[in-house]
Structures are given as structure tokens and as C-alpha cells.
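None of the figures in this text is laboratory data; all of them are computed from the coordinates on show. In this text the structure is predicted, and so the values were computed from the model without any measurement. Every residue, glycine among them, receives a Cβ derived from its backbone with ideal geometry; neighbour counts consider all protein chains shown.
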Amino acid sequence: MEYETISKPDVDSLAVRPNLDDYEGIRSGFDYERVIDELDGLPGGGLNIAYECLDRHVAAGRGDKACILWDGKDGRQETYTYADMAKLSNQFANVLRKLEVEKGSRVFVFMDRIPELYAAAFGTLKAGCIIGPLFSAFGPDAIKDRLEDSGASVLVTTPELKAKVHEIRGDLPALKHLIIASHNEPPEVDDGELSWNDLMADASEEFDIVQTAPDDPAIMHYTSGTTGRPKGALHVHKAVLGHYATGKYVLDFHEDDIYWCTADPGWVTGTSYGMFAPCTNGVSSVIYEGGFSASKWYEVIQKYKVTVWYTAPTAIRMLMKAGDEVPKKFDLSTLRYTMSVGEPLNPEAVVWSEKAIGLPFHDNWWQTETGSIMIANYPVMPIKPGSMGRPMPGINPGIIDEEGNEVATGEEGDLAVRPGWPSMFRTYWNREEMYDSRFKNGWYITGDRARKDADGYFWFVGRADDVINTAGHLVGPFEVESALLEHPAVAEAGVIGKPDPVAMEIVKAFVSLKEGYEPTDELKRELRRFSRERLGPGIAPREIDFIDTLPKTRSGKIMRRLLKARELGLDEGDTSTLEDD
Ligand code: ATP
Ligand code: MG
């Protein structure tokens, strides 16, 4: 189906004038290196992400402003100002100093979204160490792989999660300190553990931030593991230029915004956009500790009067599944701007959100490796539903062929970016060769396939690994999944190429249904007919299976490689980030 372009709003009529009010003008004069002029730099020289996020606001007299509006699982609500966070992170930096944790050491956190997580992350950066966040739902093997690979010497976890660490601690000789933090009663600690609460009680609230240089390592994030074994992408302090500038121009932060990023800091969106972008821009962020529920999520927006909301397609599809009546029960009128990242955003989801919550989701594209948003839809630009949008100022992406030459407009190829932006990853930890292999002919190769249209909009086709070759056609799963999603019965769809002696591969779809629909043969036939009408017989799925839920990573991405492995009875490979059923 052709989706109508959502026209460009009249900038002068908007209640809040977008920071990027003239895309062409700002893009043409943009120099990423000069973003530093809008930040402060460390007193005495150097650059440190935590200083730009917290202390610079305190130094400028903005310390009383709310930094975190914490909403706990147990219903507690707490506010932490910028000054509070600056002090708590100073204390944790002092803790690391006292434990003689050296600059460059890897300090990992394995905790729920409690305030201590944020204090630990910023404190680690202030101490010149590298912060590595782990998602709290990881099992022992996933934690072990990442701690072992990174050689982490400190792990901060909680009383609820520490049993998982105990199972593997004997395998981690580099892990010197295990710190137990509790947001409730001070934790009881066993032998070989340290109490966060005791350490912090003894630590000063003053700390001279270690003089980190712009290119000193700061953050290590393991990728989601959608396509295989997760890789440890390493980022440097200079990445903060990217966090700040994309926060300003893509997330369109303004002084009074109440912002909610639904991603967990275990994934790069939860740090780049759950911590660094909002804090460098000095806005107030909601941190919701609980999990997904459509009505709870709408309630969070109502309760905190959220203005800017950043979430992911998988959550949006769940909101769609919950129905149009649910949002009507809440006052969502404070919302000004909504965005999505992490997976392709089906055009149906954009159209749905405009109708159901009154605002279209603005899709944007980036990866763990890129550290910040590369391609986006902006408040001032028409939205073409299904497109990732246009390049962020200062970013130069292209669509290239196998030799690394740009292809013609409208043609499909590898999505690549000209290297050199501030938040670009600097290595895959312990996998230097793999890092080198991602660069060709002056491009960084992202591993995604895409097209660019005549208006300069980028369209996602699929991950290079997922593209299907059927009877001479190259088919991206996204297109087929999006067509299926237009059918009222379909909640989610995952599409793979299944080997076939004649066609090389045939398109096979796995479909989960919305409530009230039965998985009958008749519905299967109906879906095949429906997708043939939209896509044509060459691309429409030849086989459709119904499935209760699609396998996903814990960050919410459909794992097509697993659908394929299961279909073909092959080894499932690394499933450390697989969501529990
Ligand atoms: P791994 O590299 O371990 O397989 P991953 O690629 O899923 O995991 P992330 O870095 O979290 O790990 O995800 C980035 C990828 O997610 C992108 O390369 C792209 O495939 C997909 N993605 C993110 N945002 C979008 C988007 N807006 N549209 C389409 N795809 C997106
Ligand atoms: Mg990837």
C-alpha cells in the first residue's frame, strides 16, 4: 500500500519552535567538531561525559533542576536534581579511587533501573574508567561472557540479582570487586562482597574528575546479538558531542521538556538517549523502573506530563495490539514529539499513532556502533511513513555496492557512513580484525541494506544477513512484514528465506495474531491473498506459519536468524540475548 506523506508542519505555528528549524541551512553549515563550543570541557582541560551531563549544569547555577524523576516498581516516586546526581556520582568515583581501580578499567553494572545505576555509571566516567551496562534480565552465561571478554574488574549489582553472579564468579579471575547496591534496606553482604551503602556513606561528595582526553575510552556496549554473537563496541568521551547535538536537533530538547526514553541502559539507546543526550541538554527525564503494560505506559505519560517520548517499534506494536481505546482513557495532551528506534518502524505504526495518540512516531536509525543517531525524521520535515528519514547534520551516509561505490538513486545497496563522527565506535573489544573488516573504500559498512530516494530519504530494506533471494528477486523482510501488519488480524510478523531447490529461497512468514483471531487455514489463505495483492506474487510469502510469539532479543528485536535456524533444524547459535518466552 502507498502511504501518504505526512506533510511538514508550519514551523511558525508550532507551540515550540524546533531547534532544527531549517534542515538544509543547519546541515550545510554544520561542523561536528564545533559542537564542543556549546559544551564546557573539563575545568583545567580535557573532556568527560559525566561533567558535560551533570556538573556543568551545577556550575552554571542549574543544579536545582530535576535530572531524574524516578518511578519505582513499588510505586515510590523520587526526584533527583542535577546537583544530587553530581554528588552521588562524585561519591561513587571516590569509592572507585579508594578501591584503587585504575583509569581505563572496566566497571560493569548489572541492576534494575534504580537511581544507583545512574550514579554508578556517571561515577565510573568521572573516575576515568569504562562503564559497561548489563541488562538485568540476563542469565549467568550472558553475564559471564561479557565480564570475561571485557576483563571487568568491578561489578555493581543488587541483592535480587547477585545469585546469578555467584554462579559464575569463580570463572572470572579479573573481577576483583563485587559491590551490592540496594535502593531499599542496606544490603546484607556475604564474604567477598562490598556494600554499596557502606562504601558510599564513607565517600566524600567532592571529587576532582580524572582529566580524560576526548579520545579516552568511556563506554562499552555489547550489541543486541540479533545477528550473532554480541560484540563489545567501545566508545570514547568525545561521543558526548553526538549525544548533545542529536539531543538538540533530533530529540528537539527544550528547557522545559519532560522526557521519557523507555529503553534500558543495558542497550545503547538507554545510555546514549536514556542518560547522556537528555543530561547534556539539561532536561528532566522520567526513569520508569517497571516493565511494559499499555495502560501503565500511558499512565506514566499522564502522570509526569511527558512532552518528548522515545521508544521502540516492538513497544509500539504492543500498544497497537492493546487497541485504540486504551489511550483515550488518559490525558496524553502534553506530548509534543514522539520517536522510535531499534528496528524498522512499519508504516502502519506511524499512521496508527497519528490516529490513536494524535502524533506520528518519528523513526530514526542508528546502531550500537554509531553511538548516536545517524538518520532521522525531524519535526520540520514531511514524514514518509516507512522511511528512516534524512541524515543528521554532520553525518554523511551513502548506499554503496560491493566495491564501495555509491549506487544510483533508488537502488538498493549497503548502507554505509563516512567515518569520523564523534560517537563512532573505536573498536570491537578483543576483535580488532572484525572492526577493521567493517571499513571499505573510505566507508564504515553498517551491515544493513537500504535505498535512498530522490528527496534524500533513506529506506531500510533489511539486515544484509536477512535479505532473501527468491527466484532472482532480492526481498527485504521488512517490506513483507509491513504488508502483513496492515491486515487487522496480524499483531507481528517475522519473515525469512527458506532454501528451495527451484527458487533458491522462498519467502516464509511467521505471524502472531491479535486477540480474537483464530489461526485457521482460511486465515492463512486470506493472508496470502492479502499480501499478494500488496506485494505481487514474487515477493508475497509462499508459506505462512502461525506462532504465539516471535523470538526476540531482550531489547525487543525480532530474531529472524532464530526463526530460520528453528525452521531448518539448525544450531541456534548465540541465544544469550534471547527474551524468555
Ligand atoms: P548484533 O549487531 O549483535 O546483531 P543489533 O544489530 O541488533 O545486534 P544494535 O546495535 O542494538 O544491535 O541494533 C542496531 C540495528 O538495529 C541496526 O543496524 C538495524 O539493523 C536495526 N535498526 C535500528 N534502528 C532501526 C530503524 N530505525 N530502522 C531499521 N532498522 C533499525
Ligand atoms: Mg548490529
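Odds and ends about this structure:
- Backbone phi angles across segment 535-545, fed through the Karplus curve with coefficients 6.51, -1.76 and 1.60 (θ = phi - 60°), yield HN-Hα couplings of 10, x, x, x, 10, 4, x, 7, 10, 10, 10 Hz in residue order; Gly and Pro are listed as x.
- Across segment 384-436, the volume of the C-alpha convex hull divided among the residues equals 128 Å³ per residue.
- Residues whose amide H falls under 5 Å from that of K65, counting only those 5 or more places apart or on a different chain, are Y82, A83, with hydrogens built in the peptide plane.
- Residues with amide H under 5 Å from that of V490, placed H, sequence gap 5 or more: K514
- Value of [θ]222 nm, deg cm²/dmol, for the chain, DSSP H segments ≥ 4, -39500 (n - 2.57) each, nearest 500: -7500 deg cm²/dmol
- The string of couplings for segment 108-121 from the Karplus curve (6.51, -1.76, 1.60, θ = phi - 60°) is 9, 10, 9, 8, 5, 7, 9, x, 4, 4, 6, 4, 5, 5 Hz, one whole number per residue in order, with x for Gly and Pro.
- Global geometry of segment 113-239, whether rounded, prolate or oblate, following the gyration tensor of its Cα atoms and the 1.5 cut on a/c: oblate
- Simple Cβ-charge dipole of the chain, Lys/Arg +1 and Asp/Glu -1, about Cα centre, in debye nearest 20: 420
- Put a dot 7 Å past the Cα of N430, heading toward its Cβ, do the same for A163, and the two dots end up 2.8 nm apart.
- Average projection area in nm² (convex hull over Cα atoms of the chain, one quarter of hull surface): 25.9
- Distances between placed amide hydrogens fall under 5 Å for M339 paired with W309, Y310, T311, H362, all partners being 5 or more residues away or on another chain.
- P(r) weight above 15 Å for segment 468-568, C-alpha pairs, percent: 58
- Residue (of F122, H177, W352) at the positive-pole extreme of the chain, dipole from beta-carbon charges: W352
- Among 82-88, 469-475, the peptide with the highest mean count of other Cβ atoms within 10 Å heads the list, and the full ranking is 82-88, 469-475.
- Most tightly packed first, judged by the mean number of other beta-carbon atoms within 10 Å of their residues, the peptides 45-58, 183-196 read 45-58, 183-196.
- Dipole in debye (nearest 20) - segment 313-462, about Cα centre, beta carbon charges: Lys, Arg +1; Asp, Glu -1: 600
- q = 0.22 Å⁻¹, segment 347-464: log10 I(q)/I(0) [Debye, one scatterer per Cα]: -1.26
- Among the listed pairs K162/K231; K452/K557; K126/K552, those beyond 26 Å (Cα-Cα): K126/K552
- Protection proxy ranking of 361-368, 375-382, by the mean of other Cβ atoms within 10 Å over each peptide's residues and highest first, is 361-368, 375-382.
- Unpaired cysteine residues in the chain (no second Cys Cβ under 4.7 Å): C67, C129, C261.
- The phi torsions of segment 191-201, fed into the Karplus equation with coefficients 6.51, -1.76 and 1.60 and a -60° offset, translate into couplings of 4, x, 10, 10, 8, 3, 4, 5, 4, 5, 4 Hz, rounded to whole numbers, with Gly and Pro shown as x.
- Using Cβ point charges alone (K and R +1, D and E -1), the dipole size of segment 468-568 about the Cα centre works out to roughly 380 debye.
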